[in-house]
Every structure is written in structure tokens, then in C-alpha cells.
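Report on one structure; see the data block that follows.
The values are calculated or read from the model by the stated rules, or taken from the named source; none is laboratory data. As the structure is a computational prediction, the values presented were derived from the model and not from experiment. As a convention, Cβ positions derive from the backbone with ideal geometry for all residues, glycine included, and neighbour counts pool all protein chains shown.
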Amino acid sequence: MEDKRSRNERRLARKEGKLDTLAFLKIADKFIDVANRENKKVQATDLHMAFLFAAARYNAYVANAITKVDDHEEFVNHMVKQYTEMLRQHLADGDIARKVK
């Protein structure tokens, strides 16, 4: 994930509540931290499905209540494509276990 905006453009975007690459990764790391804490009590095989369910539920909320998506199938296809690419990238990263824990 590369952010080609200038530093000033990124600062302005943050002031407007938009994420730059660094902020995006920091938020993602917060979710991973929650997963790591929960994994002390819950098996990872159950936990990852709970996170997937939560992501689907939150994305449906954003689509319906925030962006007011008209074509749900188009939105679903877009999200599936995004998830598929992210998952493939992480699976290809042989060092992912060290980075997550």
C-alpha cells in the first residue's frame, strides 16, 4: 500500500479525518492487537471467523447508512475483490506469523 501524496496533502487529509498509509496501518494493527489479546482465551479458528463476521457487519452498515450504496451486489463484489487481494498478499508473506503476534 503506497501513498503518493505529498506530506502536506497527507496532513490535510488527516485533519479532514481521512487515513494516510501510516494511519491506516496503525488502525489495522489495533485490530490485530485485539485479536492477539482475545486469542489467549479463544481459539484462532473461532476468532478469525468472529473478525470476519464483524467486518462484514460493519461494511454492511457503512454501505447502507453512510455511503447509501444502491447496488448491493456491486458493493459485495468490490469488497470480495479487495479482501481476496489483501488475503493473497498476506498469505504470500512468509513472515506474516511473526508480524501478527
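Looking at region 60-67, is at least one residue on the phi < 0 side of the Ramachandran plot, modelled with pLDDT under 95, over 14 Å from the mean Cα position of the chain (by Cα) and surrounded by 12 or more Cβ atoms within 10 Å (Cβ to Cβ)?
No: zero hits.
Pairs please, first residue from region 43-72 and more than 21 Å from Ile32 (Cβ to Cβ), second anywhere and polar (S, T, N, Q) and surrounded by 12 or more Cβ atoms within 10 Å (Cβ to Cβ), Cβ atoms under 9 Å, 6+ apart in sequence or on different chains.
His72/Asn64
Return the only residue of Lys40, Lys30 being surrounded by fewer than 12 Cβ atoms within 10 Å (Cβ to Cβ) and either in contact with a helix residue (DSSP H, G or I) (Cβ under 8 Å, 6 or more places away or on another chain) or not in a helix (DSSP H, G or I) (or both).
After ruling out the rest, the residue left standing is Lys40.
Conditions (1) at pLDDT 95 or above; (2) surrounded by 13 or more Cβ atoms within 10 Å (Cβ to Cβ); (3) under 13 Å from the mean Cα position of the chain (by Cα), marked per residue:
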site	(1), (2), (3)
Met1	no, no, yes
Arg11	no, no, no
Leu19	no, yes, yes
Ala23	no, yes, yes
Lys26	no, no, yes
Asp46	no, no, no
Ala56	yes, yes, yes
Glu73	yes, no, no
His78	yes, yes, no
